[in-house]
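First comes the structure, then the notes that go with it.
Throughout, read-outs are computed from the coordinates displayed, never taken from laboratory work. Note that the structure is predicted; figures quoted are calculated from it, not measured. Please note: Cβ atoms are built from the backbone with ideal geometry, for glycine as well, and neighbour counts cover all protein chains shown.
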Amino acid sequence: MEHKIKKQLKKLSDKQFAEDVKKYIRSPYEFYGIRAPELRTLAKKLHEEYILKDFYKTFDKLWGSGYHEEMSLAIYALQLYGDEFDLKTWKFIKPKLKDMKSWDQIDAISTRVVGKILLKYPVFEKEILKLSENKDFWMRRIAIVSTLPLVKKGNIKLSMKLAEKYIADKQPYIQKATGWVLREAGKEKPKQVGKFILKNINMPSITFSYATERMTKLRIIRKQKLGQRVGFFENLFS
């Protein structure tokens, strides 16, 4: 099956698209130049072919290929086994996280794999908190983005704990992720998130822009540079 997949990947390759997407994603790996929908179609075939236990071996072969799309294909296929994830899945994927060097793969593994494990096993929060202390900003991004499945269930506690930790982070990828998660948390708990943003109104502009996409009043406050007006506006979220 792996040989057939490789032949299909080469057949679908597009040199010009490969050059363009490499510049956009900024991955250090080689590219075939294959679009995501085509990779997802191949992922479904892999999912149909293997049970999860056997797929791990195929994942390893794709992962060690040196090609961005083969690594992404491995992630897309793994996501399809979501109902079967357990702590053994984390043990399998954890050592591979260090190989991820682009936001697309980081976000895919965070929301569709790590986040699903977190949703099933509350004790797994300890692992997420460890990741949040990592010097590698990609690991820190995984930590906060993986809380999104919890957020969608109305549980924003861990997200807010990490947002508090990251709110002054100087790394743009962390700033964007923090704003993204705050925006999603705000859909579930607007008052709580609104108060948090108000308290941290001078957060990095990227974070603030993402976080307040649906909170225009807070954008007005920031524009007016706050000063003594903060107290007046606090009742917006009381």
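Summary of values
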| read-out | value |
| --- | --- |
| Matching label, Rg/Rh (Cα atoms, Kirkwood Rh) computed from the structure shown, candidates (1) 1.40; (2) 0.96; (3) 1.04 | (3) |
| Protection proxy ranking of 114-126, 202-214, 138-150 - average other beta-carbon atoms within 10 Å, highest first | 138-150, 202-214, 114-126 |
| Helix axis angle, 157-166 relative to the chain longest principal axis, alpha carbon, degrees | 80 |
| On Cα atoms only, tilt of 68-79 relative to the major axis of the chain in degrees | 80 |
| Cα long-axis angle, helix 52-63 against the chain (0 to 90 degrees, to the nearest 10) | 90 |
| Selected from 131, 42, 12, residue furthest toward positive end of dipole (the chain; charges at beta carbon) | 131 |
| Under 13 Å, Cβ to Cβ, from residue 166 - net charge with Lys/Arg +1 and Asp/Glu -1 | +3 |
| By average C-beta atoms within 10 angstrom, highest first, the peptides 170-178, 90-98 | 170-178, 90-98 |
| Charge context of residue 209, other residues only, Cβ under 11 angstrom, K/R +1, D/E -1 | +3 |
